[in-house]
Structures are given as structure tokens and as C-alpha cells.
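Working notes, structure below.
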Amino acid sequence: MNTRTTFLGLGAMGTALAAAALDAGHSITIWNRTPHRSQALGESGATVADTVKEAVAGDGVIVACLFDHRSVHDVLDPATAGLSGRTVINLTTTTPKQARELALWAAERGITYLDGAIMAVPQMIGSPGSAILYSGSATAFEEHRALLDLWGESSYFGSDAGMASLYDMALLAGMYTMFAGFMHGAAMVGSEGVSATEFATWATPFLAAMTGGLAGFAAVIDAKDYAGEGQQSLEFTETALAALTRASIDQSVNVEVLKPVHDIVRRQIAAGFGKQGTARIFEDLRSTR
Ligand code: NDP
């Protein structure tokens, strides 16, 4: 199938998405606020539009990959008249609340809306390991699946437009705190002159192996089985975190990354759960809605 697709936003990610569509033989129209970013794709066969209104003038699907929620409104609001009856796939990173606001905004204007969260960097688009999470219109997801699958593995999380973003943000929360943990470890060994590169050769396989424990934590959390057999207790974890904190201070390393975790564990122990499993940290964090 050869679909004419409009791409709004040709930053690093928008360019990678548009290039993959063009390489696969799709006819594409492109627009970017700063015109020079359209040049290379224009020379490769994309139709370059001077304005958003011109870009959305056809009848194909519209893919937006802009900076943030505000910039999506900045670009789409003035072009609303040309969007009624059309499908917008928004791959701009937004919060779940912002994605839901955009879905409502679209519904009020007769626009079919699919929200996407890209779990890849631009260089990965179209390569193994690239994944994009979607939620919102099931029709749009099915109808444009061939296009979506050009970019990576496509997964659909239901009609609530905020769900793809919620998964995205939850996964990134895990990623950023793991990255910060790595930086902390690098600072510890760095205090004795060990390079971060050398440390990474040890941290990479160790942290990868430790992810094998996530399913076990998940099973305990879902069953609320914190008192079950075979779990590392909060008291044990507190002793470990106290040692890590002492060792860090001894090496003159800032303990700001460790402290919040240590504080939660101590709070749970103070509440009488010291003998229970470390997965109980979840109870301290979870929503009480
Ligand atoms: P860039 O900073 O490279 O590009 C941002 C794009 O948004 C540019 O096209 C820019 O236009 C446009 N833009 C910004 N503000 C406005 C505005 N007010 N009106 C019109 N256009 C605007 O970012 P990326 O391409 O890397 O990222 C795009 C989206 O993809 C982001 O939401 C990002 O979170 C997401 N993403 C990016 C990843 C990455 O690794 N890069 C990974 C996963 C998601 P101009 O050229 O004129 O400045």
C-alpha cells in the first residue's frame, strides 16, 4: 500500500520517521517550522510544504513529531479547519494527561486521534529493538499498521489515549533511576581513579542479570504477598543501603541518589514491616486513588 502521509516536525526523530516512510516507497509531504530542516528529505523525493495548512491539505494520515504538548497545539490549532475527518498520529512525547487532553481536543473537532510513545532513539527507527507504544483510536492503529510497523514493533494499549504515555513514563522512570544508580557507582569507583568505562564493563552484565528479579517482585506486589517465604527483607535491604551510604560518604560521594530509597525502606520498617519483603517499597509509592 502506498499511502500519502504528512509529517509535521522534522527534528531528529521526525526526520527518522519520515525517512523510513520515504525509503519504504510512501509518498510523503513534510513540514517543519524551520524550513532548512526539510531540505534533505525534499531532495530525496518528499514534497515540502511551506505552511501547516498546505501540508495537511491532502487526505492522508498526519504524523506529528514535535517538541512537546504545547508545540503540538501551536502547530495543529491554526490548521483545525483542514483536520476534521482526518487522522492524526501524535508521536510527540506528552504526559498521559496531555495525551488525553489532545484526544478530547481532537474528538471535539471530528479528528481521529492515535497517540504514540517512541521507545527508541532516532538511529534505531526501523531497526530491531525499536518499539512504539500506541493508544487511542483502534481504527487508526489497524488502518495504518503497515506504516507504523516501518518504525519499530507496534503495540496497542487500548482506547484511552493516555495509556501509551503512561507506560512510556513508567518505563522511563525505571530507566532514569537506573542510569542515576550507575552514575552513583561510577562516582564511587571514580573516587579511587577507576574510569567510568572500566566500571561500565562490570555494571552492564550485573544490572542486566538483576533485571531477572523483576518478575519475582511483580508477583509479590500483585499478590500483596510481602510476608511470603524467600524474600529479601526490608531489614536486610536497610542494612545494605546503610552500608552503601557509609561507603559513599567515606569516598566523599554525594548520597542524594541513595537517600530517597533508604528513606522509604526506613519508613516501612518504622511502620512495622521490617521482616517483610523489599517489594513492599511499592506500597509506599503507589497511588491511593
Ligand atoms: P528535536 O528537538 O530534534 O525536534 C523538535 C521538533 O519540534 C523540531 O521539528 C522543532 O522545529 C519542532 N518544534 C518545537 N517547538 C515548536 C513549535 N512551538 N512550533 C512548531 N514546531 C516546533 O526533537 P526530537 O525530534 O528528537 O524529538 C521529537 C519528539 O520525539 C519529542 O517529543 C521527543 O520527546 C520524542 N522522542 C525523541 C527521542 C529521541 O531520542 N530524540 C526518543 C523518544 C521520543 P524547529 O526545527 O523549527 O526547531
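The values are calculated or read from the model by the stated rules, or taken from the named source; none is laboratory data. The structure displayed is predicted, hence computed values, not measured ones. With ideal geometry, Cβ positions are generated from the backbone for all residues, glycine too; neighbour counts draw on all protein chains shown. Calculation scope for accessible area: heavy atoms of the full protein, side chains included, ligands and nucleic acids excluded. Shrake-Rupley method; radii C 1.70, N 1.55, O 1.52, S 1.80 Å.
Please indicate, with yes or no, whether at least one residue in the range 280-287 is in a loop (DSSP other than H, G, I, E, B) and either surrounded by fewer than 17 Cβ atoms within 10 Å (Cβ to Cβ) or touching a Ser or Thr at 6+ places or on another chain (Cβ under 8 Å) (or both).
Among the residues of the range 280-287, at least one is in a loop (DSSP other than H, G, I, E, B) and either surrounded by fewer than 17 Cβ atoms within 10 Å (Cβ to Cβ) or touching a Ser or Thr at 6+ places or on another chain (Cβ under 8 Å) (or both), which makes the answer yes.
Please state which one of 6, 29, 92 is assigned to a loop (DSSP other than H, G, I, E, B) and touching a Phe, Trp or Tyr at 6+ places or on another chain (Cβ under 8 Å).
92
Test residue 258 against the criterion of being open to solvent by less than 30 Å² (accessible area, probe 1.4 Å), within 20 Å of residue 178 (Cβ to Cβ) and in contact (Cβ under 8 Å) with a residue 40 or more places away in the chain, and give yes or no. Quick ask: steps written out before the conclusion?
Values: open to solvent by less than 30 Å² (accessible area, probe 1.4 Å): yes; within 20 Å of residue 178 (Cβ to Cβ): yes; in contact (Cβ under 8 Å) with a residue 40 or more places away in the chain: yes.
So residue 258 fits the description; yes.
Would you be able to say whether some residue in the range 267-274 is under 30 Å from residue 119 (Cβ atoms) and assigned to a helix (DSSP H, G or I)?
no
Restricting to the range 59-109, count the residues that are within 15 Å of the ligand (Cβ to nearest atom) and hydrophobic (A, V, I, L, M, F, W, C).
Qualifying residue count, the range 59-109: 15.
Quickly run through the range 17-37 and pick out the residues that are out of contact with any Ser or Thr (no Cβ under 9 Å at 6 or more places or on another chain) and more than 8 Å from the ligand (Cβ to nearest atom).
Of the residues in the range 17-37, the ones out of contact with any Ser or Thr (no Cβ under 9 Å at 6 or more places or on another chain) are 17, 20, 24-25, 34-36.
Answer for the range 17-37, where residues must be out of contact with any Ser or Thr (no Cβ under 9 Å at 6 or more places or on another chain) and more than 8 Å from the ligand (Cβ to nearest atom): 17, 20, 24, 25, 35, 36.
Using beta carbons and a limit of 6 Å, which pairs, at least six apart or on different chains, have the first residue in the range 19-41 and open to solvent by 20 Å² or more (accessible area, probe 1.4 Å) and the second one β-branched (Val, Ile, Thr) and assigned to a helix (DSSP H, G or I)?
From residues that are open to solvent by 20 Å² or more (accessible area, probe 1.4 Å), the pairs are 31/52.
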